[in-house]
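*Asks:* Structure below; questions to follow.
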Amino acid sequence: MKKLITNFYFILFIGFPCFSQEFHIKTNLEENVPYASVIFFRNDTIVGGTYSNELGIVRINSNEDIDKITISHLGFKSKQLKREELRPEILLEENSFELPEIIVSKRNIEPILLGHKVKRKKTFISSRKGLELATLIYKNDIPDGYYLKNFQFRIKRKSEDRTVVLKLNLYANVNNFPGEIINANQDITIAVRPHEKGDILVNLEKYNLLFPSEGAFLSLEWLGLIDEKGNFVETNSYYDSPIAFNREENKSYTFIRNKLKKTNWGNFDLNGQLVVPAFSIEIN
């Protein structure tokens, strides 16, 4: 009888797996909203988070001890919901936004390169889901009226069947510290396919982003790895997609934060070594 009871409890333990709560994030026009940030709260404290997948679908484990979430995506109004308010379909309202009119003056010059090109003295540093790394790029003595043309960084890849998804963000330079986001209404998502590596060039001309006279912080935010169906792959490995950093002798203004855990920026260093992410831009 004792053995029978033991077996019953064993069956009870393994017979009921952990279920997930699933919902679909869409626009008011019923279009999918991919790669939206979903922040978890408990007692008004951030305790974690995730992102919607390529189709705008979010899955939350039933054992997550949370009481509300905040959904945000550049170009849309943020939405906060109690957990019991979650429904199979959640609609986000778009921000009203008009692209600035561009007055183009013809310049018989090549685009100007700014930032940190990859040097011989470099290292590659890995990241993890939710981490965002920002570094200051100065404009120096270049006149106003220049727009962002390209963004470039270098990456290594180890996975042969996973795509790494990142977001590029720009922040105002406030006394050498990241301020308000500049591309608040423009989502810039970068998908690096399995066999893509080395120097990645991202064309930014369609976003009509004027580069500020005081310079700006450019950041990369790691969303994670996705499979061939566009679903995020849960993994404990942080070494699939390291990016290049230059070793520097002079101080640079580089900051880091985990957007799924806190919103405050912190100083970045590598065990006391001065390094800066090799982010560069072209303006014209």
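The values are calculated or read from the model by the stated rules, or taken from the named source; none is laboratory data. If you're wondering where the values come from, they're calculated on a predicted model, not measured in any experiment. FYI the Cβ positions are ideal-geometry reconstructions off the backbone, even for glycines, and counts take in every protein chain you see.
*Asks:* Six or more apart or on different chains, Cβ under 6 Å: which pairs go from a residue in segment 13-26 that's not assigned by TED's automatic domain parsing to the domain that holds Tyr51 to one that's part of a loop (DSSP other than H, G, I, E, B) and modelled with pLDDT of 90 or more? Could you list them?
*Replies:* The qualifying pairs do not exist here.
*Asks:* Would it be correct to say that Glu248 is surrounded by 17 or more Cβ atoms within 10 Å (Cβ to Cβ), among the charged types (D, E, K, R) and under 22 Å from Ser126 (Cα atoms)?
*Replies:* no
*Asks:* Tell me which residues, restricted to segment 27-46, are in contact with a Phe, Trp or Tyr (Cβ under 9 Å, 6 or more places away or on another chain) and in contact (Cβ under 8 Å) with a residue 60 or more places away in the chain.
*Replies:* Those that are in contact with a Phe, Trp or Tyr (Cβ under 9 Å, 6 or more places away or on another chain) and in contact (Cβ under 8 Å) with a residue 60 or more places away in the chain: Thr27, Pro34, Tyr35, Ser37, Ile46.
*Asks:* Scan segment 165-182 residue by residue and report those that are more than 17 Å from Gly266 (Cα to Cα) and more than 13 Å from the chain's Cα centre (by Cα).
*Replies:* Selection gives Ile182 alone.
*Asks:* May I ask you to verify whether Leu225 is in a strand (DSSP E or B) and exposed (fewer than 14 other Cβ atoms within 10 Å of the Cβ)?
*Replies:* Here the answer is no, as Leu225 does not meet what is asked.
*Asks:* Going through Ser237, Ser252, Ser219, Ser280 one at a time, which residue ends up being more than 24 Å from Phe76 (Cα to Cα) and at pLDDT 95 or above?
*Replies:* Ser280
Here is a yes/no grid of residues against (1) of a type in the set (Gly, Ala, Ser); (2) more than 18 Å from Lys139 (Cα to Cα); (3) part of a loop (DSSP other than H, G, I, E, B):
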| position | (1), (2), (3) |
| --- | --- |
| Ser159 | yes, yes, yes |
| Leu168 | no, yes, no |
| Tyr171 | no, no, no |
| Asn175 | no, no, yes |
| Ala191 | yes, yes, no |
| His195 | no, yes, yes |
| Asp199 | no, yes, no |
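*Asks:* When you scan segment 157-183, how many residues do you find that are surrounded by fewer than 18 Cβ atoms within 10 Å (Cβ to Cβ) and in contact with a Gly (Cβ under 8 Å, 6 or more places away or on another chain)?
*Replies:* Residues in segment 157-183 being surrounded by fewer than 18 Cβ atoms within 10 Å (Cβ to Cβ) and in contact with a Gly (Cβ under 8 Å, 6 or more places away or on another chain): 1 in total.
*Asks:* Kindly indicate whether Glu282 is loosely packed, with under 15 Cβ neighbours inside 10 Å and either hydroxyl-bearing (Ser, Thr, Tyr) or in contact (Cβ under 8 Å) with a residue 40 or more places away in the chain (or both).
*Replies:* Criteria not met by Glu282.
*Asks:* To continue, here is another question. Of all residues in segment 242-284, how many are outside any strand (DSSP E or B) and out of contact with any Lys or Arg (no Cβ under 8 Å at 6 or more places or on another chain)?
*Replies:* Residues meeting the conditions: 14.
*Asks:* Is it the case, given these coordinates, that Gln273 is touching a helix residue (DSSP H, G or I) at 6+ places or on another chain (Cβ under 6 Å) and more than 25 Å from Ile66 (Cβ to Cβ)?
*Replies:* no
*Asks:* Restricting attention to segment 85-117, and to residues there that are of a type in the set (Val, Ile, Thr) and modelled with pLDDT of 90 or more, which single residue is surrounded by the most Cβ atoms within 10 Å (Cβ to Cβ)?
*Replies:* The first filter runs over segment 85-117 and keeps only residues of a type in the set (Val, Ile, Thr), leaving 90, 102-104, 109, 112.
Adding the requirement that they be modelled with pLDDT of 90 or more leaves 90, 112.
Numbers: Ile90: 21, Ile112: 16.
Top of the filtered list is Ile90.
*Asks:* How many residues, within segment 58-93, are within 17 Å of the chain's Cα centre (by Cα) and among the β-branched types (Val, Ile, Thr)?
*Replies:* Of the residues in segment 58-93, 3 are within 17 Å of the chain's Cα centre (by Cα) and among the β-branched types (Val, Ile, Thr).
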